[in-house]
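The values are calculated or read from the model by the stated rules, or taken from the named source; none is laboratory data. Quantities reported herein were computed from a predicted structural model and do not represent experimental measurements. Positions of Cβ are generated from backbone atoms using ideal geometry, with glycine treated the same way; all protein chains shown enter the neighbour counts. The area values use the complete protein model at the heavy-atom level, side chains included, leaving out ligands, DNA and RNA. Shrake-Rupley method; radii C 1.70, N 1.55, O 1.52, S 1.80 Å.
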Amino acid sequence: MLKEPRPGRVKTRLGRDIGMVPAVWWFRHQTASLLRRINDRRWDLILAVSPERAGLESRVWPAHLQRIPQGGGTLGDRMARLMRDLPPGPVCIIGGDIPGVTRAHVARAFAALGTHDAVFGPAPDGGYWLTGLKRTAAVPPGLYQDVRWSSAHALGDSIATLPGVRIALTDMLRDVDTAADLAPACQVSW
C-alpha cells in the first residue's frame with residue numbers, strides 16, 4: 001500500500017519532525033528501494049495506491065508494476081477491501097515505510113500461511129508492518145474494524161477482528177513514523 005509522495009499527504013508525523021519535503025524525499029527513496037528489494041517471481045507485486053488518480057498515473061513507481069486503487073475509508077476499510085477484492089489465494093499487505101523488509105521476510109510470511117489462516121509481522125511500537133490472509137474462506141466482515149491505528153494497540157486490535165482464526169506472527173521489523181524511528185531504521189543494510 002503506497003501513497004503518492006506529496007508534501008502533507010505522506011509521512012505527516014515524520015514531516016512534523018523533519019519537515020514535509022524531507023519526509024517526502026525519504027519516502028520516495030525508501031519505496032523505490034523497497035520495491036527493488038521485494039520484487040520476486042514467487043509472488044505478484046501489486047501496488048495499492050492512494051489517492052486513486054494521482055497514484056494510478058504516478059511516474060514515481062516503476063511503470064511495469066500493476067496498480068490498483070486503495071479506495072476510500074479508514075486504513076482498516078482499505079486493507080479489508082484489498083483482502084476481499086484481490087484474486088483468490090494468499091495475500092500479504094505491507095506499507096512502504098519498512099526499511100528492513102527483504103524477500104526473505106515476505107517469503108516467511110507466505111510460508112506461515114501454509115499452516116495458518118492469517119499472519120502478522122509485528123512492529124516494536126505495537127503495530128505491524130505486514131498482514132496476510134490465506135483466504136480459503138470468506139474474509140471476516142469485521143476485519144480491521146475498530147482498530148486503534150497508530151497506537152500500541154493496533155496489532156492486538158487487528159488480531160481481535162479474526163476470532164477463531166489460526167494466526168502466525170512472523171519477523172518483527174521497524175517502520176518509520178517519526179524522526180526517532182529513522183536512526184534505528186538507517187542501521188539496516190539496504
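Do you know which residues across segment 1-21 are under 12 Å from VAL176 (Cβ atoms) and either surrounded by 15 or more Cβ atoms within 10 Å (Cβ to Cβ) or at pLDDT 95 or above (or both)? If you could, list the steps in order and put the result at the bottom.
Step one: filter segment 1-21 for residues under 12 Å from VAL176 (Cβ atoms), giving 10-11, 13-15, 17-18.
Result: VAL10, LYS11, LEU14, GLY15, ASP17, ILE18.
I'd like the full set of residues that are closer than 15 Å to MET1 by Cα and assigned to a helix (DSSP H, G or I), limited to segment 11-28. Quick ask: steps written out before the conclusion?
Looking only at segment 11-28, we keep the residues that are closer than 15 Å to MET1 by Cα, and these are 11, 27-28.
Within segment 11-28, PHE27, ARG28 meet the criteria.
So for segment 126-143 (the condition being surrounded by 15 or more Cβ atoms within 10 Å (Cβ to Cβ), under 17 Å from LYS3 (Cα atoms) and of a type in the set (Val, Ile, Thr)), does at least one residue qualify? Write out each step before concluding.
Restricting attention to segment 126-143, the residues satisfying the condition of being surrounded by 15 or more Cβ atoms within 10 Å (Cβ to Cβ) are 126-135, 139-140, 143.
Those left that are additionally under 17 Å from LYS3 (Cα atoms): 129-130.
Restricting the remaining residues to those that are of a type in the set (Val, Ile, Thr) gives none.
Checked against the condition, which is being surrounded by 15 or more Cβ atoms within 10 Å (Cβ to Cβ), under 17 Å from LYS3 (Cα atoms) and of a type in the set (Val, Ile, Thr), segment 126-143 yields no hits at all.
Test of understanding: among ARG53, ARG42, ARG81, ARG108, which residue is closer than 24 Å to SER150 by Cα and open to solvent by 40 Å² or more (accessible area, probe 1.4 Å)? Steps first, please.
Values: ARG53 fails: closer than 24 Å to SER150 by Cα; ARG42 fails: closer than 24 Å to SER150 by Cα; ARG108 fails: closer than 24 Å to SER150 by Cα.
Only one candidate qualifies: ARG81.
So the check is Cβ under 6 Å with 6+ separation or different chains; which pairs have a first residue in segment 145-167 that's without any contact (Cβ under 8 Å) to a residue 12 or more places away in the chain and closer than 19 Å to ASP117 by Cα and a second one that's among the acidic types (Asp, Glu) and exposed (fewer than 13 other Cβ atoms within 10 Å of the Cβ)?
Close Cβ pairs satisfying both conditions: none exist.
So ARG103 fits all but one of (1) exposed (fewer than 14 other Cβ atoms within 10 Å of the Cβ); (2) under 22 Å from ARG53 (Cα atoms); (3) not hydroxyl-bearing (Ser, Thr, Tyr); what number is the exception?
(2)
Is it true that some residue in segment 169-176 is buried (at least 17 other Cβ atoms within 10 Å of the Cβ), touching a strand residue (DSSP E or B) at 6+ places or on another chain (Cβ under 6 Å), modelled with pLDDT under 95 and within 30 Å of HIS29 (Cα to Cα)?
Taking every residue of segment 169-176 in turn, at least one turns out to be buried (at least 17 other Cβ atoms within 10 Å of the Cβ), touching a strand residue (DSSP E or B) at 6+ places or on another chain (Cβ under 6 Å), modelled with pLDDT under 95 and within 30 Å of HIS29 (Cα to Cα).
Just give me the residues in segment 29-77 being among the small types (Gly, Ala, Ser), farther than 25 Å from LEU162 by Cα and not in a helix (DSSP H, G or I), in sequence order.
Scanning segment 29-77 gives SER50, SER58, ALA63.
I'm trying to understand the selection: among the residues of segment 23-66, which are among the charged types (D, E, K, R) and within 17 Å of VAL106 (Cβ to Cβ)?
The answer is ARG36, ARG37, ASP40, ARG41, ARG42, ASP44.
What is the number of the single condition among (1) crowded, with 16+ Cβ neighbours inside 10 Å; (2) under 15 Å from the mean Cα position of the chain (by Cα) that SER150 does not meet?
(1)
Would you point out which residue out of GLY96, GLY76, GLY55, GLY15 is under 16 Å from the mean Cα position of the chain (by Cα) and free of Cβ contacts under 8 Å to residues at least 60 places away in the same chain? Break it down into steps so the answer makes sense when it comes.
On the way: GLY96 fails: free of Cβ contacts under 8 Å to residues at least 60 places away in the same chain; GLY76 fails: free of Cβ contacts under 8 Å to residues at least 60 places away in the same chain; GLY15 fails: under 16 Å from the mean Cα position of the chain (by Cα).
Step by step, each of GLY96, GLY76, GLY55, GLY15 is checked, and only GLY55 is under 16 Å from the mean Cα position of the chain (by Cα) and free of Cβ contacts under 8 Å to residues at least 60 places away in the same chain.
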